[in-house]
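Take a look at the structure set out below.
Nothing in this text is a laboratory measurement; each read-out follows from the coordinates by a stated rule. Model, not experiment: these values are computed from the prediction. Every residue, glycine among them, receives a Cβ derived from its backbone with ideal geometry; neighbour counts consider all protein chains shown.
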């Protein structure tokens, strides 16, 4: 069943209106008809069934709430910036796999340039990508993308459980570090994090974890971590 996010609190019986992009998708892409039933999520992450009305403007009558289990503890994904096409793919899939926040990182080996005047527009686009992914995967909360930060600023995004993927780690494996606590995890750029950066993170109580014997691309490594978190939490 299709789902859309609404930027207001909604109640049973009221009529809600979709934005231009959502309306186009409902009417012209999905070709929904009057009376079709979909889900909407309001600003408080409450989920409702609604009945679509196509004319004159795309709107919906709120029918009833749906009881949904709240999602697990926060997953903050701190990812070194990579090339645009790979980065946008990573954002989409990370949102589908349950990341609650994505923090773009600038590290010493990050090969990514962004003009200051274009930064806000770029972040706005990134958040549109994750919003659409959350809608498509029927998540009941959004995945927010922050403005890019330098590694030294990561102290703003620490969690109860802080992990950094490190190819030099031979003894500690990712799955052994996952629990029900909130998680912040760091994935470096294609060239990896420097030893100095790893040591800095360890001073902040990050634990280094191996992702196995293979050397993974940055976008693959991030999605691997999210998949392991999801699998491990579902087995707890």
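The table below gives the values:
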quantity	calculated
Stretch gain in nm, segment residue 84-residue 138, where the contour uses 0.36 nm per residue and the Cα spacing is subtracted	16.9 nm
Isotropic mean projected area of the C-alpha convex hull, the chain (nm²)	14.1 nm²
Two-site label geometry, residue 30 and residue 159: point separation in nm, points 7 Å out along Cα→Cβ	2.9 nm
Order of 117, 197, 144, 180 under a 10 Å beta carbon neighbour criterion, fewest first	117, 180, 144, 197
Taking 211, 90 and counting other C-beta atoms within 10 Å, the order from fewest to most	211, 90
Ascending count of other beta-carbon atoms within 10 Å, so fewest first, for 225, 58	58, 225
Estimated FRET transfer efficiency when R0 is 25 angstrom, pair residue 1-residue 23 (beta carbons, to 0.05)	0.90
Approximate spin-label separation residue 43-residue 116, in nm, with each point projected 7 Å along Cα-to-Cβ	3.2 nm
Most fluctuating residue given options 45, 57, 161, as computed from a GNM of the chain linking Cα atoms under 10 Å	57
With Cα atoms, 0 to 90° folded angle of helix 218-235 axis to the chain main axis	70 degrees
Antiparallel DSSP beta bridges within the chain, as percent of all bridges there, nearest 5	40 percent
Using alpha-carbon coordinates, inclination of helix 116-136 to the longest axis of the chain, degrees	60 degrees
Computed lengthening from residue 204 to residue 61, 0.36 nm per intervening residue step minus Cα-Cα distance	46.5 nm
Cα point-scatterer Debye curve for segment 24-153, base-10 log of I(q)/I(0) at q = 0.11 Å⁻¹	-0.50
Segment 75-235, relative contact order in percent, only Cα pairs under 8 angstrom and at least six apart counted	31 percent
Reference-scaled alpha-carbon Rg (2.2 N^0.38 Å with N residues) for segment 108-164	1.37
Per-selection Rg to Rh, segment 3-66 - Cα, Kirkwood hydrodynamic radius	0.93
